[in-house]
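Asker: There's a structure below that I have some questions on.
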Amino acid sequence: MATTSMWAVKYSLKDVLDYVVNPMKTENKDFNDYEFQGLENVIEYVENDFKTEKQFYVSGVNCSPYNVYDQMIQTKKAAHKEDSVLAFHGYQSFAHGEVSAEMAHAIGVELAQKMWGDEFEVLVTTHLDKEHYHNHFVVNSVSWATHKRFLNKHKDYDRLRRLSDEICRKYRLSIIDNPKKGKHYSEWLAEKQKMPTRRTLMIDDVDRAINNSMTFTQFIRYLKFMGYEVKTNVKYIAIRPPGAEKFFRLHNLTKDESYSEENIKLRILNNGIGLKGTIQEVKPRIYHYQGNIKKSKKITGFRALYVRYMFEMGILPKNAPHKRRVHFLLREELRYMDQITKEATLLCKKRIETVDDLKKEESTVKNRLESLIKERRCIYNKIRRCKNPDTKEKLQRDVYSLSEEIKELRKEVRLYEGIKNRSLKMKEIIKAMNERQNDTQFNRLYRNTER
């Protein structure tokens, strides 16, 4: 059973070069991460000696595997197309134990020749570092023959999959007869970690609108009050959440179509039929503060902003006796609850309050990161020249130690970037929430919902 995939190579990240050639890393757990998108870095990664048994399973189609990078760059210069997408990185993976290394590589070369052999330069490698053998393809985005770009449209990917299946049948290998469209990785990961997704948040909001409506018109109006755009003059009602790029059809929110227009109207009708008694007044929640408020130090700046935001999201206080209802403007932010918590923890740990504090800490971490990367690069050079196995092993341990520290520093740098971007969005949302409180019509509707 062979599976295929392909994605664009857009950026050149020098620091990734050291990572992908790391001899201690014989298993790539995040090869689809943005850090693997540099053309030179991807080529170095797929040619890694530890993955290809001293480059025995490395071949070039319309290029030499020994100077493929220079050839691809020369083609781009000749076509005057050195910007935008640099290349495409694809893979073909086989079931465990189904093929030998030689057969896997032969299939990969044949697939590359049939798919791109007439126009594009392709580097083909077979990796042996996992239980299942898999091929990697690095395809130049510019044709050496026509100087036209390879755009990797849906029809191109479909052709890649069909050619792969055709070759697998030729070698009597299993294939996926009826491939089904899977979930997006972010949605799958969120469900695995039991985190809210955009779809689950939309379902919650639609349920909330249904439960607080007596007519279908009220239901549509309630969705609009929550910031949704609603299409009603179409065959299937569709909604677009705040910040989303596309509309989502209500009947497709679940597989059983329980959110079709007919089912929604039926549920709204049942709201009126089952309405009995009076609404009980909700008792005010009481919180107890431990310590002396007068002696406590007031927090300001970024820390105060994050604390207010996390309180509105229901993250704080942790041991609250009742679960607070999250304002609809913050519903989308629940998807990033873990990231917001990490950023808030960093702000408190470093005692960052102002923009100057943030820039100072970020600069310190970046300087440290740059220093470690240079140090690791020097050790890599020593490893390549080293002939003594014991010394080489010691150097590899040093590289591993440095890589772990570099990994943590990179995470910290990303948190600083996230704080700078997210703080602006936080201020806008809090401002919008304050403006909503002055909206008489909205407050009347929202109070009914709270009750």
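Asker: Failed condition for Thr354, given (1) surrounded by 12 or more Cβ atoms within 10 Å (Cβ to Cβ); (2) more than 23 Å from the chain's Cα centre (by Cα); (3) in contact (Cβ under 8 Å) with a residue 12 or more places away in the chain, with all others met?
Answerer: (1)
Asker: Please list, ordered by first then second residue, the pairs with beta carbon atoms under 6 Å, 6 or more apart or interchain, first in the range 152-163 and closer than 18 Å to Asn135 by Cα, second of a type in the set (A, V, I, L, M) and assigned to a helix (DSSP H, G or I).
Answerer: Correct list of pairs: Leu160/Met115; Leu163/Leu111; Leu163/Met115.
Asker: Can you tell me which of (1) of a type outside the set (Gly, Ala, Ser); (2) assigned by TED's automatic domain parsing to the domain that holds Ile429; (3) modelled with pLDDT of 85 or more; (4) crowded, with 16+ Cβ neighbours inside 10 Å is the one Met310 doesn't meet?
Answerer: Evaluating Met310 over (1) of a type outside the set (Gly, Ala, Ser); (2) assigned by TED's automatic domain parsing to the domain that holds Ile429; (3) modelled with pLDDT of 85 or more; (4) crowded, with 16+ Cβ neighbours inside 10 Å leaves (3) as the failure.
Asker: Shifting gears a bit: Going through the range 117-145 one residue at a time, which ones are within 21 Å of Tyr69 (Cβ to Cβ) and exposed (fewer than 14 other Cβ atoms within 10 Å of the Cβ)? Let's see the steps before the verdict.
Answerer: Just the residues of the range 117-145 that are within 21 Å of Tyr69 (Cβ to Cβ), to begin with: 117, 119-127, 135-145.
Listed by number, the list holds a single entry, Ala145.
Asker: For Val99, indicate whether it is buried (at least 20 other Cβ atoms within 10 Å of the Cβ), at pLDDT 55 or above and either part of a loop (DSSP other than H, G, I, E, B) or assigned by TED's automatic domain parsing to the domain that holds Lys411 (or both). Working first, answer last.
Answerer: Values: buried (at least 20 other Cβ atoms within 10 Å of the Cβ): yes; at pLDDT 55 or above: yes; either part of a loop (DSSP other than H, G, I, E, B) or assigned by TED's automatic domain parsing to the domain that holds Lys411 (or both): yes.
Yes; evaluated as a whole, the condition is true for this residue.
Asker: Since Gly243 meets every condition but one in (1) surrounded by 13 or more Cβ atoms within 10 Å (Cβ to Cβ); (2) in a loop (DSSP other than H, G, I, E, B), which condition does it not meet?
Answerer: Of (1) surrounded by 13 or more Cβ atoms within 10 Å (Cβ to Cβ); (2) in a loop (DSSP other than H, G, I, E, B), only one is false for Gly243: (1).
Asker: Here is a further query. Please go through the range 376-390 and give me each residue that is exposed (fewer than 11 other Cβ atoms within 10 Å of the Cβ) and part of a loop (DSSP other than H, G, I, E, B), ordered by number.
Answerer: Matches in the range 376-390: Lys387, Asn388.
Asker: Now, a different point. Please name all residue pairs, on different chains or six or more residues apart, with Cβ atoms under 6 Å, provided the first residue is in the range 358-377 and is assigned by TED's automatic domain parsing to the domain that holds Leu395 and the second residue is among the basic types (Lys, Arg).
Answerer: Hits for this filter: Glu361/Lys350.
Asker: Examine the range 345-367 for a residue that is farther than 30 Å from Met313 by Cβ and in contact with a helix residue (DSSP H, G or I) (Cβ under 7 Å, 6 or more places away or on another chain), and state whether such a residue exists.
Answerer: No, because not a single residue in the range 345-367 is farther than 30 Å from Met313 by Cβ and in contact with a helix residue (DSSP H, G or I) (Cβ under 7 Å, 6 or more places away or on another chain).
Asker: Can you name every residue in the range 198-240 that is part of a loop (DSSP other than H, G, I, E, B) and within 18 Å of Leu329 (Cα to Cα)?
Answerer: First pass over the range 198-240, keeping only residues part of a loop (DSSP other than H, G, I, E, B): 212-215, 226-228, 232-237.
The answer is Asn212, Met226, Gly227, Tyr228.
Asker: Scan the range 383-390 and tell me whether some residue there is at pLDDT below 85, more than 30 Å from Leu305 (Cβ to Cβ) and either among the charged types (D, E, K, R) or under 27 Å from the mean Cα position of the chain (by Cα) (or both). It would help to see each step written out before you state the result.
Answerer: Taking the range 383-390 first, the residues at pLDDT below 85 are 384.
This time we only want the ones that are more than 30 Å from Leu305 (Cβ to Cβ), so: 384.
Still in the running and either among the charged types (D, E, K, R) or under 27 Å from the mean Cα position of the chain (by Cα) (or both): 384.
Yes: the range 383-390 contains one or more residues that are at pLDDT below 85, more than 30 Å from Leu305 (Cβ to Cβ) and either among the charged types (D, E, K, R) or under 27 Å from the mean Cα position of the chain (by Cα) (or both).
Asker: Look at Leu347 and say whether it is of a type outside the set (Phe, Trp, Tyr), assigned by TED's automatic domain parsing to the domain that holds Glu412 and under 25 Å from the mean Cα position of the chain (by Cα). Outline the logic, then answer.
Answerer: Details: of a type outside the set (Phe, Trp, Tyr): yes; assigned by TED's automatic domain parsing to the domain that holds Glu412: yes; under 25 Å from the mean Cα position of the chain (by Cα): yes.
Criteria met by Leu347.
Asker: Do we have Phe88 as outside any loop (DSSP other than H, G, I, E, B), in contact with a helix residue (DSSP H, G or I) (Cβ under 7 Å, 6 or more places away or on another chain) and at pLDDT below 90 here?
Answerer: Numbers: outside any loop (DSSP other than H, G, I, E, B): yes; in contact with a helix residue (DSSP H, G or I) (Cβ under 7 Å, 6 or more places away or on another chain): no; at pLDDT below 90: yes.
In short, no.
The values are calculated or read from the model by the stated rules, or taken from the named source; none is laboratory data. This one's a predicted model, so the numbers in the text were calculated from it and none came from an experiment. All Cβ positions, glycine included, derive from the backbone under ideal geometry; neighbour counts span all protein chains shown.
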